[in-house]
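The values are calculated or read from the model by the stated rules, or taken from the named source; none is laboratory data. Quick caveat: nothing in here was measured; it's all calculated off a predicted structure. All Cβ positions, glycine included, derive from the backbone under ideal geometry; neighbour counts span all protein chains shown. Accessible surface is based on the protein model in full, side chains and every heavy atom, while ligands, DNA and RNA are left aside. Shrake-Rupley method; radii C 1.70, N 1.55, O 1.52, S 1.80 Å.
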Amino acid sequence: MSSNSSKLTYFGSYEITSQVFYNTPHSYCLVNIKPLLPGHVLVVSNRKVPRFTDLNANEVTDLYMTVQKVQKMLAKVYFKDPESEKGGLEGKLEDGAFNIAMQDGVSAGQTVPHVHVHIIPRPKDSPQNDQIYDRMESEEGNVGGALWDRSRPVNQGKFAKPEESERKNRTEEEMFKEANFFREQMALVD
């Protein structure tokens with residue numbers, strides 16, 4: 001399983017090669033252009049299909065095994081004890097939690113018709129609680145809209161869109177740097 005790819009990678013119709021930090025035979029991982037919380041990443045099926053039920057058994061297995069591996073890496077990066085004087089990767093899974101979510105179809109809020117799983121690390125001091133689900137189904141969770149500046153897909157989830165979002169799109173450079181950092185960290189995870 002490689003962490004670098006020489007071919008172009010697409011998330012839906014968007015070329016996101018520089019944002020990819022991990023590849024498997026059936027999936028890849030990318031940093032999020034508009035993360036809900038620090039460390040919010042996506043695991044995406046290599047095969048561009050819109051619905052989870054379109055994946056075969058090998059693709060489903062690979063997708064969720066990749067989710068688990070990325071969780072381990074994110075825990076090491078984001079669940080560090082703030083009072084510890086040690087450096088490096090020390091966070092443990094039990095030192096936080098994760099939101100793992102899939103918006104499977106337009107009515108569920110999916111704005112990019114390409115199967116993907118959101119992984120959002122939740123350190124113990126994370127203040128968001130269940131509000132994260134409201135944010136995912138609002139304009140803040142509109143990943144496709146952030147990628148597509150002019151003709152934004154309309155989020156059709158059940159919650160109303162806020163008029164103004166406090167989250168701003170990150171620059172290509174910011175996402176490239178984070179992808180490189182996560183690529184290095186994935187090499188350290190069993």
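Only one of the numbered conditions (1) exposed (fewer than 15 other Cβ atoms within 10 Å of the Cβ); (2) more than 30 Å from LYS124 (Cβ to Cβ) is not met by LEU55, and that is (1).
Restricting attention to region 36-52 and to residues that are within 26 Å of SER126 (Cβ to Cβ) and touching a Ser or Thr at 6+ places or on another chain (Cβ under 9 Å), the residue that is most open to solvent (accessible area, probe 1.4 Å) turns out to be LEU37. The set of residues from region 42-80 being in contact with a His (Cβ under 8 Å, 6 or more places away or on another chain) and closer than 12 Å to HIS118 by Cβ comprises LEU42, VAL43, VAL44. Listed conditions (1) over 21 Å from VAL189 (Cα atoms); (2) buried (at least 20 other Cβ atoms within 10 Å of the Cβ) are all met by PHE79, apart from (1).
For region 58-67, the count of residues that are open to solvent by 50 Å² or more (accessible area, probe 1.4 Å), farther than 22 Å from TYR14 by Cα and in a loop (DSSP other than H, G, I, E, B) is zero. So which residues in region 33-47 are over 15 Å from VAL67 (Cα atoms) and touching a strand residue (DSSP E or B) at 6+ places or on another chain (Cβ under 7 Å)? Hits for region 33-47 are LEU36, LEU37. How many residues, within region 10-35, are open to solvent by 10 Å² or more (accessible area, probe 1.4 Å) and outside any strand (DSSP E or B)? Here the count works out to 9. Of the residues contained in region 100-122, one or more are found to be of a type in the set (Ser, Thr, Tyr), at pLDDT 80 or above, open to solvent by less than 30 Å² (accessible area, probe 1.4 Å) and touching a helix residue (DSSP H, G or I) at 6+ places or on another chain (Cβ under 9 Å).
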